[in-house]
Amino acid sequence: MDFSLFAHMERICPDQDHRTLREELIALAKMADEGGMRAIWTGEHHGMDFTIAPNPFISLVDLSYHTKNLRLGTGTIIAPFWHPITLAGEAAAADLITDGRIELGIARGAYSYEYERLMPGMDAWDAGQRMRESAPLLRQLWAGDCAHEGTFYQFPSTTAAPKPVQAGGPPIWIAARDINSHSFGVENGFNIQVTPLWQGIAEIESLMSKFNEACSAYAGPRPKIMLLHHTYVGADAEDVDLAAKELSQFYCYFGAWFQNKRPVSQGLIETLTEAEMAANEMMSPANIKRDLTIGTTQEVIDQIKRYEDMGYDEYSFWIDSGMSFARKRDSLARFINDVMPAFT
């Protein structure tokens, strides 16, 4: 079982300074690097202080100057926002600058808030089709002299410049949920990244089942599968209960952004009332505590051992939570010092 960190700058109130948020992200990355994690992942989002990451390659190059061994992954690039030639070139440039440390996670995107601003009229289906056309082109563009006539993209013979440092280019990961997405990724020789969000062990088992089904129908080498999950390692039971409340609030805001119905000003969504959050029973602290990977050290070890037994190759600690930097830092330190050694 490999371990990685999934993190962004996240701003939840106007008095938070973006420079401080960057410094905190760097500090978490350094902890992951020095603690022996395999990688750090950061995604792509636009116009949302909830998740600040307009170009993950810039963030990852920045982090490369503050870390030594950590692999640097996009978790994830929103494929329909990129022309495949642009994506191939920028991924290769980042790989060159970081001396071959880039990994390329790709997805269709999820927020209609972003779709309506960057590509008005595009829906999730259209975005997924664009992703499926562009992702297989990346290796061809890195290899060189790739011409393409497709539904969404058409271009004459092109070679991505510069060339990536890694032979064949950065490893590619596909964000997958339904069986068709798993099959697409596996059949193209891509690794798979799954995010069960708040839906608990049943969804974690279901996603692994879909991955295994896709692999059973594929004659090539078995790719890797990574589980991305919100994680908190508490000092004691009281600390765990507080984390469940904080993550409950995070998911209430996540849902509000996803529904795209509330006003947004200066990158911040209109504040949810206590009554609105209390009415969201699906995201209650009790359900969050049951369904996410949160608990005291031994409880988290036991949960991740279960994921390992299912066959997951990598566990990614999703640290975005709306918590203070100090609480994120302390939880990550307990994970590195007390949980990870149980898997050595």
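Of all the residues in the stretch 60-77, those that are touching a residue at least 40 places away in the same chain (Cβ under 8 Å) and closer than 19 Å to S316 by Cα number 6. Restricted to the stretch 245-279, and to residues there that are surrounded by 17 or more Cβ atoms within 10 Å (Cβ to Cβ) and small (G, A, S), the residue that is farthest from Y232 (Cα to Cα) is A256.
Going by the structure shown, is I269 at pLDDT 95 or above, of a type outside the set (S, T, N, Q) and under 29 Å from M208 (Cβ atoms)?
Working: at pLDDT 95 or above: yes; of a type outside the set (S, T, N, Q): yes; under 29 Å from M208 (Cβ atoms): no.
No.
Can you name every residue in the stretch 291-304 that is over 14 Å from S331 (Cα atoms), in a helix (DSSP H, G or I) and under 21 Å from the mean Cα position of the chain (by Cα)? D291, Q303, I304, listed by residue number.
Among the conditions (1) more than 16 Å from the chain's Cα centre (by Cα); (2) at pLDDT 95 or above, the only one that T195 does not satisfy is (1).
Inside the stretch 51-79, can you point out the residues that are buried (at least 21 other Cβ atoms within 10 Å of the Cβ) and assigned to a helix (DSSP H, G or I)? Within the stretch 51-79, P56, F57, S59, L60, L63, A79 qualify.
Examine the stretch 225-233 for a residue that is aromatic (F, W, Y) and out of contact with any strand residue (DSSP E or B) (no Cβ under 7 Å at 6 or more places or on another chain), and state whether such a residue exists. Within the stretch 225-233, none of the residues are aromatic (F, W, Y) and out of contact with any strand residue (DSSP E or B) (no Cβ under 7 Å at 6 or more places or on another chain). Screening T86, T151, T98, T158 for residues that are farther than 18 Å from E44 by Cα and out of contact with any Asp or Glu (no Cβ under 9 Å at 6 or more places or on another chain) leaves exactly one candidate, T98. Across the stretch 149-167, not a single residue is classified as basic (K, R) and surrounded by 19 or more Cβ atoms within 10 Å (Cβ to Cβ). Looking across the stretch 281-290, just one residue is basic (K, R) and either crowded, with 18+ Cβ neighbours inside 10 Å or outside any helix (DSSP H, G or I) (or both), and that is K289. When each of E90, E24 is tested for being within 16 Å of G169 (Cβ to Cβ) and charged (D, E, K, R), the lone residue that passes is E90. Every condition in (1) without any contact (Cβ under 8 Å) to a residue 40 or more places away in the chain; (2) assigned to a helix (DSSP H, G or I); (3) over 20 Å from the mean Cα position of the chain (by Cα) holds for K245 except the one numbered (1). In the stretch 117-128, the condition of being in a loop (DSSP other than H, G, I, E, B), in contact (Cβ under 8 Å) with a residue 60 or more places away in the chain and of a type outside the set (F, W, Y) is met by no residue.
Screening the candidates D145, D126 for the property of being over 28 Å from Y312 (Cα atoms) and surrounded by 14 or more Cβ atoms within 10 Å (Cβ to Cβ) yields one hit, D126.
For the stretch 309-341, residues that are over 21 Å from L197 (Cβ atoms), assigned to a loop (DSSP other than H, G, I, E, B) and in contact with a strand residue (DSSP E or B) (Cβ under 8 Å, 6 or more places away or on another chain) total 0. Test I288 against the stated conditions and say whether it is of a type in the set (V, I, T) and touching a Leu at 6+ places or on another chain (Cβ under 6 Å). Answer is yes for this residue.
Look at V233 and say whether it is closer than 27 Å to I192 by Cα, out of contact with any His (no Cβ under 6 Å at 6 or more places or on another chain) and in a helix (DSSP H, G or I). Full working, then the answer.
Numbers: closer than 27 Å to I192 by Cα: yes; out of contact with any His (no Cβ under 6 Å at 6 or more places or on another chain): yes; in a helix (DSSP H, G or I): no.
No: the conditions fail for V233.
The values are calculated or read from the model by the stated rules, or taken from the named source; none is laboratory data. Computed from a predicted structure; not experimentally measured. Here the Cβ is made from the backbone with ideal geometry for all residues, glycine too, and neighbour counts use every protein chain on show.
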